[in-house]
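Novice: Shown below is the structure under consideration.
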Amino acid sequence: MSEQLPIRLTVNGAELSAEVEPRLLLSDFIRHRAGLTGTHVGCEHGVCGACTVLVDGEPQRSCLVFAVQADGAEVETVEGLAAPGAELHALQQAFHEEHGMQCGFCTSGFLMTSAALLREHPHPSDAQLLDAISGNLCRCTGYQNIIRAVRSAEAKLAAQAGDGTPAAAPAGDADGA
């Protein structure tokens with residue numbers, strides 16, 4: 001039996017403690033120990049972005065982080081965006097309305113990356129938006145609907161916050177996506 005190390009972290013507001021092998025990936029801990037399967041594992045090399053979660057508010061590829069490295073951290077997964085049975089988060093609703101997903105495999109990574117972006121930059125420039133999502137790969141959508149969905153969520157979140165700042169130009173104006 002290999003060495004086990006104790007960890008304690010908060011996942012979507014719930015404190016979890018476990019003994020884990022030092023080589024256990026955070027993505028595997030989230031999926032198999034916490035039972036949260038919305039975090040998808042695609043490439044297992046940090047290239048596709050499907051496994052993106054927020055660790056202490058920052059987007060991280062959970063397939064590149066060992067669970068022991070997240071000891072003491074706050075982790076937010078796609079399941080943490082909206083409580084079960086509650087109204088969808090503005091990003092989730094916008095992805096639905098703007099057809100920002102097709103097969104859905106990459107969607108949780110895009111949602112978490114976009115959530116972090118909009119928290120840090122409520123009205124990101126086209127360059128900031130494109131830069132933020134550049135590490136997330138989608139084989140289905142062509143990205144335009146994803147960009148439109150993030151812009152729609154931006155407007156929804158601004159309205160919820162009572163922020164009178166006008167939303168950025170429509171997504172079709174973003175070049176290179």
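Novice: Pick from Pro84, Pro59, Pro124 the residue whose mean-square fluctuation is largest in a GNM of the chain, springs joining Cα atoms under 10 Å.
Specialist: For the chain, modelled as a Gaussian network with Cα springs under 10 Å, the answer is Pro84.
Novice: If we sort 151-157, 12-18 on the protection proxy, mean other Cβ atoms within 10 Å, highest first, what's the order? Before the final figure, lay out each step's value.
Specialist: Numbers: 151-157: 21.6, 12-18: 12.3.
Ranking the peptides 151-157, 12-18 by packing returns 151-157, 12-18.
Novice: Also: Please report, in debye to the nearest 20, how large the charge dipole of the chain is about its Cα centre when each Lys and Arg carries +1 at its beta carbon and each Asp and Glu carries -1 there. If you can, show how the numbers build up before the last one.
Specialist: Values: 10 positive and 22 negative charges, 72 e Å.
Charge dipole of the chain: 340 debye, to the nearest 20.
Novice: Taking only DSSP H segments of four or more residues, each worth -39500 (n - 2.57), what value at 222 nm results for the chain once the sum is divided by all its residues, to the nearest 500 deg cm²/dmol? Provide the component values of the computation, followed by the final result.
Specialist: On the way: 4 runs with 48 residues, N = 177.
Dividing the helical sum by the residues of the chain leaves -8500 deg cm²/dmol.
Novice: Please give the charge dipole size of segment 5-80, origin at the Cα centre, charges +1 on K and R Cβ atoms and -1 on D and E Cβ atoms. Round to the nearest 20 debye.
Specialist: Details: 5 positive and 11 negative charges, 40 e Å.
Using only the charged Cβ atoms, the result is roughly 200 debye.
Novice: Shifting gears a bit: Report the Cα centroid-to-centroid distance between segment 29-71 and segment 106-139 in angstrom, as an integer.
Specialist: If you average the Cα positions of each part, the centres end up 16 Å apart.
Here, each number is a calculation from the coordinates, and none is a lab measurement. Please read all numbers here as calculations on a predicted model, not as lab measurements. Here the Cβ is made from the backbone with ideal geometry for all residues, glycine too, and neighbour counts use every protein chain on show.
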